[in-house]
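Accompanying notes for the structure given below.
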Amino acid sequence: MSKHVVATVAEIPPGGRKLVTVRGRSIAVFNLGGEFFGLFNRCPHQGGPMCEGILTGLIESDEPGRYKYSRKGEIIRCPWHGWEFDVRTGQSYCEPERIQVRSYPVEVAEGQRVVQGPYVAETVPVSVEQQYVIVDV
């Protein structure tokens with residue numbers, strides 16, 4: 001695996017996302033309250049663009065007629081057919097034992113650390129005072 005600088009932290013605000021291409025792979029990077037997660041930008045059902053999906057939450061029920069909304073903004077819904085996936089893990093909520101979207105490790109690194117490597121950042125200007133979002137592919 002190799003690490004690639006894909007954005008500054010400021011480019012992806014909390015609740016936001018950014019579509020990036022790393023080594024020919026389209027990856028959707030999400031900011032969930034300051035934590036960053038990467039998902040392959042292709043739904044395993046029929047290839048829908050995950051980055052264009054709605055971020056939602058879970059509706060849970062422990063008995064009929066009683067519902068609880070949780071995990072607001074942590075579930076991505078495929079824009080084509082509505083299949084839902086956990087942004088943190090890529091796990092499906094349609095067939096969780098069988099289907100998931102590939103997830104990629106994402107980290108935030110200080111500019112000084114990026115300058116020292118081992119990151120591939122040929123086309124991204126690097127400054128020591130900023131933080132960068134880095135995808136590990």
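The values are calculated or read from the model by the stated rules, or taken from the named source; none is laboratory data. Since the model is a prediction, treat every value here as computed from it, not as a measurement. Don't worry about glycine lacking a Cβ; one is built from the backbone with ideal geometry, like all the others, and counts go over all protein chains shown.
Give segment 59-85 a look and list any residue that's under 17 Å from the mean Cα position of the chain (by Cα), free of Cβ contacts under 8 Å to residues at least 40 places away in the same chain and in a strand (DSSP E or B), or say none. Spell out how you get there, then give the answer.
From segment 59-85, those under 17 Å from the mean Cα position of the chain (by Cα) are 71-79, 83-85; that's our starting set.
Filter again for free of Cβ contacts under 8 Å to residues at least 40 places away in the same chain, leaving 71-72, 75, 77-79, 84.
Correct list: R71, K72, I75, R77, E84.
Which residues, counting only those in segment 1-38, are outside any strand (DSSP E or B) and without any contact (Cβ under 8 Å) to a residue 60 or more places away in the chain?
Of the residues in segment 1-38, the ones outside any strand (DSSP E or B) are 1-2, 9-16, 23-24, 33-34.
If the condition is that a residue be outside any strand (DSSP E or B) and without any contact (Cβ under 8 Å) to a residue 60 or more places away in the chain, then P13, P14, G15, G16, G24, G33, G34 are the ones that fit.
If only residues of segment 113-134 that are among the polar types (S, T, N, Q) and closer than 16 Å to A10 by Cβ are counted, the one that is modelled with the lowest pLDDT is S127. Is one or more of the residues making up segment 39-52 within 25 Å of S2 (Cβ to Cβ), surrounded by 17 or more Cβ atoms within 10 Å (Cβ to Cβ) and touching a His at 6+ places or on another chain (Cβ under 7 Å)? No: segment 39-52 contains no residue that is within 25 Å of S2 (Cβ to Cβ), surrounded by 17 or more Cβ atoms within 10 Å (Cβ to Cβ) and touching a His at 6+ places or on another chain (Cβ under 7 Å).
Looking for something within 10 Å of the chain's Cα centre (by Cα), among the aromatic types (F, W, Y) and modelled with pLDDT under 90 - is there at least one such residue anywhere in segment 93-112? The answer is yes, given that some residue of segment 93-112 is within 10 Å of the chain's Cα centre (by Cα), among the aromatic types (F, W, Y) and modelled with pLDDT under 90.
Residues in segment 47-58 that are at pLDDT 90 or above and part of a strand (DSSP E or B): I54, L55, T56, G57.
Do we find that G90 is at pLDDT 90 or above and closer than 18 Å to R17 by Cα in this structure? Don't jump to the end; show me each part of the working.
On the way: at pLDDT 90 or above: yes; closer than 18 Å to R17 by Cα: yes.
For G90, the condition - at pLDDT 90 or above and closer than 18 Å to R17 by Cα - is met.
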